[in-house]
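One structure is given below, encoded as structure tokens.
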Amino acid sequence: MTDKELQLKSIHLRKMLLKYIYKAKAGHTGGSLSSIDFLNVLYNRVLNVDTENFRSPDRDRYIQSKGHCVEALFSTLADRGFFPESDLETLCQYKSHYIGHPTKKINGVEQNTGGLGHGLSISVGEALAAKIDGKTHRVFTLIGDGELAEGSNWEAALTGSHYKLDNLYAVLDYNKQQITGDNQDVMNTAPVRDKFEAFGWSVKEVDGHNLKELEEALNSGPFEEGKPNFIIAHTIKGKGISYMERVLKWHHGVPSPELYEQALTELDEAAALI
Amino acid sequence: MQLDKIEEKDLIMGKANQEVVSATMQDLAANDRNVIAVTSDSRGSGKLVPFGQKFPEQIVEIGIAEQNLVGVAAGLASAGKKAFAVSPACFLSARALEQIKNDVCYSNNPVKLIGISSGVSYGALGTTHHSLHDYAVLRAINNIIIAAPADNFETEQSIRLAAETNVPVYLRFGKKAMPFLNPADKTFEFGKGRVVKEGEDVAIIGCGETVYPAYLAAKALEEAHGVKATVVSMHTIKPLDIELLDKLAANGRPIITVEEHMVNGGLGEACASHFMQSGFQNPFKIMGIPDEYTVTGSQVEIFNHYGISQEGILAEAKKLLKL
């Protein structure tokens with residue numbers, strides 16, 4: 001896939017996730033749009049995973065701690081061939097496995113997540129097991145900025161550093177907003193970089209919508225030998241849709257037919273410029 | 001007569017169950033490098049110091065952070081490790097409850113959750129250190145085996161079985177030396193209660209450290225009143241041995257349950273639910289710790305206060321039997 005194709009893929013995945021949120025009349029729209037560029041790069045340029053043999057023991061792991069942005073994950077997995085896109089027609093329907101959070105019942109999903117502040121501990125366990133077994137695969141997790149207030153993250157941050165897990169990559173989707181408002185007004189977790197550095201992590205900051213920067217950071221580790229890697233991806237909640245960007249109600253808003261059409265038009269216009 | 005003063009000539013005294021946990025885990029670890037102990041600054045209380053010395057590559061210290069203990073153990077289990085998360089039962093089953101529910105049970109990462117110093121083992125350290133809620137909260141979670149082995153044999157077998165079981169397990173052990181029970185049935189499997197003593201007049205169902213006083217009460221009933229009691233070690237609270245419960249209730253005899261747990265939501269209420277829904281109307285009593293601020297004192301003093309003793313169980317049996 002060329003760089004241009006990868007950029008177009010980001011547009012395509014935005015359309016996909018909006019389509020299924022629109023159909024299901026539910027979803028975490030703003031956060032899915034802020035994290036989709038990361039997922040695009042992760043699955044198309046970084047992760048060593050096999051759609052046919054996903055549970056292969058030497059695969060790279062990806063655990064999405066901010067499980068609620070599942071529409072971004074499902075769209076990426078379907079596009080990558082883990083399951084037919086038509087499965088997503090059942091999103092949030094009675095008896096569908098495609099619920100509002102990731103579950104292992106779906107090919108390509110590593111762990112059931114949804115409760116916040118859980119993904120980093122599980123990722124530490126996976127990374128530790130790889131170190132114990134002398135394996136070279138990497139473990140990635142995506143954390144939301146709102147969930148940084150969960151104390152379990154900081155317990156896990158200690159452990160990642162204590163056991164020198166330089167095969168572990170925690171990525172922060174730093175859109176700086178959560179359901180009630182801006183992080184700094186709800187519970188100020190800044191300065192995040194200083195905190196993780198003080199906890200013994202090696203930290204890089206990137207533009208979370210710049211595919212090249214994301215790819216370079218995700219593939220350039222370990223940043224320092226013997227230190228776990230922390231990537232602060234500066235993002236915009238609702239990125240790519242003018243009326244959603246940084247507007248709180250789109251945390252889990254579903255567009256009207258008119259606004260849905262407008263969103264698609266905006267994405268087509270963006271694609272034409274690539 | 002106090003529980004700790006009784007000498008039971010029929011039974012051979014063993015060690016504290018949690019010491020047997022450590023010895024069994026060492027045996028397993030020597031033969032399987034995937035066996036990993038995960039601890040929360042609990043290797044001393046878990047008797048795992050020798051384990052750590054012999055298998056330094058197979059012990060992961062997390063520090064005092066139970067949520068992370070269970071989350072990391074879930075990740076290890078997901079990667080194929082036989083992860084034994086060993087931590088005081090009070091903290092393991094309460095502080096880390098959401099990790100147990102989501103990362104272990106819901107995600108089906110087969111962590112072996114080992115609750116040590118369970119029930120009121122910590123005695124005078126008080127309610128912060130007691131686990132009288134663990135059966136109740138874990139019974140309300142799908143996909144977990146809950147067991148409280150009574151003696152050293154059940155303990156060793158439960159650890160060996162847990163290592164080979166591909167579903168989450170919660171096992172609970174105390175600090176007090178326990179005698180070997182001597183049932184006719186010498187096998188152990190999760191979900192199958194062991195009949196320790198047989199008698200048709202009354203049935204006493206215990207689990208963990210309450211089986212021994214139940215046994216002593218049954219002996220006293222027989223000697224003093226000629227009443228014959230069945231005593232069961234219902235080590236597995238979930239899944240409950242329904243078949244055995246049906247057999248016990250069939251002749252209409254009174255049934256007593258005894259547990260080192262709140263009377264709310266534990267072994268007794270699990271049995272009561274089955275009996276009622278199956279149409280049994282046997283005289284029935286749930287013995288355990290009542291819903292109040294727990295009396296202070298040692299484990300034995302707390303047991304005696306609430307009648308989890310030879311005398312207490314005997315008295316309840318006599319009431320039900322109208323003796």
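The values are calculated or read from the model by the stated rules, or taken from the named source; none is laboratory data. Keep in mind that what you see is a predicted model, and the values were worked out from it rather than measured. All Cβ positions, glycine included, derive from the backbone under ideal geometry; neighbour counts span all protein chains shown. What goes into the accessible areas is simple: the full protein's heavy atoms, side chains included, and nothing from ligands, DNA or RNA. Shrake-Rupley method; radii C 1.70, N 1.55, O 1.52, S 1.80 Å.
Remarks
- Fully extended contour minus Cα-Cα distance, from A:Met1 to A:Ala149, at 0.36 nm per residue: 49.5 nm
- Counting only DSSP beta bridges with both residues in region A:91-199, the antiparallel share comes to about 25 percent.
- Cross-link partners of A:Lys23 among aspartates and glutamates (Cα-Cα below 18 Å; sequence separation of 8 or more within a chain): A:Glu71, A:Asp79, A:Glu85, A:Asp87, A:Glu89, A:Glu258, A:Glu261
- Förster-model FRET efficiency, 45 Å R0, A:Asp268 and B:Glu98, C-beta, rounded to 0.05: 0.55
- Equivalent ellipsoid semi-axes, the protein assembly as shown, via Cα gyration tensor eigenvalues times 5, rooted, Å: 53, 25, 20
- Longest site-free stretch - chain B; sites: chymotrypsin sites (Phe, Trp or Tyr not before Pro), DSSP loop, at most 16 other Cβ within 10 Å: B:1-179
- Per residue, region A:128-259 exposes 42 Å² of solvent-accessible protein surface, assessed with a 1.4 angstrom probe and all protein chains in place.
- Exposure rule at most 14 other beta-carbon atoms within 10 Å, DSSP loop GluC sites (Glu not before Pro): chain B longest free segment: B:9-188
- Lys, Arg +1 and Asp, Glu -1 on Cβ, resulting dipole of chain B about Cα centre, debye, nearest 20: 240 debye
- Bridge type composition, the protein assembly as shown - antiparallel percent by DSSP, nearest 5: 15 percent
- Taking only Cα atoms of region A:178-232, radius of gyration then Dmax in Å: 13.3, 39
- Cross-link partners of B:Lys318 among aspartates and glutamates (Cα-Cα below 18 Å; sequence separation of 8 or more within a chain): B:Glu198, B:Glu200, B:Asp201, B:Glu222, B:Glu223
- Chain lengthening between A:Lys131 and A:Asp182 when straightened (0.36 nm per residue, less Cα-Cα): 14.6 nm
- Net length gained if the chain between B:Thr187 and B:Lys15 were fully extended (0.36 nm per residue, minus Cα distance): 59.9 nm
- Per the Debye calculation on chain B with a single equal scatterer at every Cα and no solvent contribution, log₁₀ I(q)/I(0) for q = 0.06, 0.12, 0.13, 0.15 Å⁻¹ amounts to -0.19, -0.76, -0.88, -1.16.
- Euclidean distance of C-alpha centroids, region A:96-136 and region B:22-93, integer Å: 20 Å
- Charge-dipole axis of chain A as Lys and Arg at +1 and Asp and Glu at -1 on Cβ define it, positive-most pick from A:His118, A:Ile11, A:Leu259: A:His118
- Interface size B-A, as summed buried accessible area [1.4 Å probe, Å², nearest 100]: 1900 Å²
- The lysines within cross-link reach of A:Lys19, meaning a Cα-to-Cα straight distance under 17 Å and a gap of 8 or more places when in the same chain, are A:Lys9, A:Lys239.
- Between the amide H of B:Lys238 and those of B:Ile146, distances stay under 5 Å, these residues lying 5 or more places away or on another chain, with hydrogens modeled in the peptide plane.
- Apolar share of the accessible surface for the protein assembly as shown: 51 percent from carbon plus sulfur atoms, 1.4 Å probe.
- DSSP bridge pairs, region B:1-139: antiparallel proportion in percent, nearest 5: 5 percent
- Sites B:Asp32 and A:Glu258 - FRET efficiency at Förster radius 60 Å, r taken between beta-carbons, to 0.05: 0.45
- Dipole magnitude of region B:255-322, debye to nearest 20 (Cβ charges: Lys/Arg +1, Asp/Glu -1, about Cα centre): 380 debye
- Between A:Tyr94 and B:Ser273, the FRET efficiency from the beta-carbon distance, with R0 = 30 Å, is close to 0.55.
- Farthest toward positive dipole pole in the protein assembly as shown [+1 Lys/Arg, -1 Asp/Glu at C-beta], among A:Val203, B:Gly265, B:Val227: B:Val227
- Which listed pairs, of B:Lys176/B:Lys197; A:Lys104/B:Lys81; B:Lys186/B:Lys319; A:Lys131/B:Lys81, have C-alpha distances above 24 Å, in listed order: B:Lys186/B:Lys319
- Taking every residue in A:99-107 and counting other chain Cβ atoms within 10 Å of its Cβ, the average works out to 1.
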